1. Filter the range 39-57 for residues that are away from the ligand (no atom under 12 Å from the Cβ) and β-branched (V, I, T); which is surrounded by the most Cβ atoms within 10 Å (Cβ to Cβ)?
2. Could you count how many residues in the range 167-196 are assigned to a helix (DSSP H, G or I), within 18 Å of the chain's Cα centre (by Cα) and in contact (Cβ under 8 Å) with a residue 60 or more places away in the chain?
3. From the list F261, F273, F266, F242, which one is within 16 Å of the ligand (Cβ to nearest atom) and outside the structural domain of E184 (by TED's automatic domain parsing)?
4. If you go through the range 240-250 one residue at a time, do you hit one that is among the charged types (D, E, K, R) and under 13 Å from I346 (Cα atoms)?
5. Scan the range 156-166 and give yes if some residue there is within 16 Å of the ligand (Cβ to nearest atom), part of a helix (DSSP H, G or I) and among the hydrophobic types (A, V, I, L, M, F, W, C), otherwise no.
6. Can you find a residue in the range 66-80 that is at pLDDT below 95, loosely packed, with under 14 Cβ neighbours inside 10 Å and within 16 Å of the ligand (Cβ to nearest atom)?
7. Hey, can you tell me all the residues within the range 10-38 that are among the acidic types (D, E), more than 11 Å from the ligand (Cβ to nearest atom) and either farther than 17 Å from G73 by Cα or assigned to a strand (DSSP E or B) (or both)?
8. I'd like to know if the range 114-122 contains one or more residues that are in a loop (DSSP other than H, G, I, E, B), of a type outside the set (F, W, Y) and closer than 30 Å to H201 by Cβ.
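The values are calculated or read from the model by the stated rules, or taken from the named source; none is laboratory data. Since the structure is predicted, the reported quantities are computational estimates derived from the model, not experimental observations. Glycine gets a Cβ as well: all are built from the backbone with ideal geometry, and neighbour counts include every protein chain shown.
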Amino acid sequence: MGESVGMNNEKLIELRNISKSFDGEQILKSINLDIHKKEFITLLGPSGCGKTTTLRIIAGFVTPDEGEVIFEGKKINDLPPHKRNVNTVFQRYALFPHLNVYENIAFGLRLAKTPDEEIRTRVSEMLSLVNLRGFEKRDVTSLSGGQQQRVAIARALINRPEVLLLDEPLGALDLKLRKDMQVELKRMQRETGITFIYVTHDQEEALSMSDTVVVMANGSIQQIGTPEKIYNEPENAFVADFIGESNIVNGTMIKDYTVSFAKQVFTCEDAGFEPNEPVDVVVRPEDIDIVPLDKAMLTGQVTAVTFKGDYYEVIVDIDHFKWMIETTDRVEVGQTLGISIDPYEIQVMKKSEFSGMFGDYSTFSDEIEHLSDVETEETK
Ligand code: ATP
């Protein structure tokens with residue numbers, strides 16, 4: 001799972017201890033990353049964490065202050081962008097408005113003085129790849145956003161780069177189109193076998209398209225792994241919070257396979273911590289079972305219930321910590337709820353600089369209470 005058919009373990013690009021500052025502020029802090037041939041790898045993180053800067057270092061538009069950029073075993077720090085076998089697709093796709101679809105895609109080949117016959121064959125291949133056959137003569141300004149983005153991708157791929165860099169390429173599209181294009185991009189990557197390095201702040205997009213996800217925060221890599229690994233086994237509170245919903249509580253790892261949190265002792269599947277090591281414990285809202293009170297591991301008061309279509313999002317106050325639970329059961333605000341958590345649903349993480357910053361849904365509940373207060377005020 002998680003690996004595309006063609007991905008192999010041969011390293012294509014290596015970033016070694018890359019650091020970069022702008023105006024005295026350190027934007028990248030000793031980044032180490034291996035990118036493999038035919039891999040679909042995504043840099044994921046909040047705005048400002050350094051994703052685009054990392055991409056621009058790979059493209060050659062930004063020179064790192066420290067560290068090495070290695071391409072197929074050779075250091076390329078000083079190689080200018082046009083000599084790197086890399087192309088970029090941006091969110092603003094910047095097509096040439098005075099050229100039609102065919103000429104936009106053919107542009108790079110014309111510059112390289114490629115013979116007409118070959119241009120015709122290769123543009124035609126590209127049009128099939130991006131599903132735009134029959135659009136050759138169309139004015140690019142008459143195309144929809146999604147179609148324009150396809151032209152931009154075809155134009156970037158026609159030179160057969162070894163690597164395609166994509167910086168939030170779907171950011172300008174609406175949700176439905178974005179979902180369709182995610183599937184399309186994944187298909188194009190598989191068919192061409194080109195390494196895709198994709199930048200997004202959208203966790204769902206990252207999880208659904210990538211072989212490998214690189215989670216970044218504050219200029220550092222927090223975790224590298226398959227989408228499943230990142231979701232199921234987050235390495236710290238930042239990753240757990242950024243990817244999906246998470247309850248993150250303080251705990252103590254009493255011994256291997258035994259952790260205590262919320263004043264109870266639980267069996268878990270984690271080992272290798274020091275005896276009684278303080279840890280962060282993450283439990284996903286969908287992994288918590290509601291059980292009769294006499295069978296409950298924990299009990300608490302329901303403070304909010306939100307209907308989400310195919311489930312309810314329930315906030316439960318357990319000893320002053322607000323947990324989020326997703327359930328199809330009907331529960332009422334004010335009710336006392338019993339919950340149970342299976343050992344394999346508990347993920348134990350090392351303490352980190354992010355401990356205590358995330359994972360309690362009290363603000364969420366307070367916000368709702370605050371909003372309903374406002375409504376009451378207004379409706380008075
Ligand atoms: P976003 O999704 O908002 O683009 P990002 O994770 O891609 O975020 P970067 O674009 O890498 O982040 O920017 C990281 C930080 O570096 C930001 O604070 C940005 O303002 C700063 N920065 C980037 N390029 C430059 C530059 N050329 N000069 C000065 N500061 C810069």
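1. T42
2. 2
3. Selected residue: F242, the only one of F261, F273, F266, F242 that is within 16 Å of the ligand (Cβ to nearest atom) and outside the structural domain of E184 (by TED's automatic domain parsing).
4. no
5. No, that holds for no residue.
6. No.
7. E14, D34
8. no
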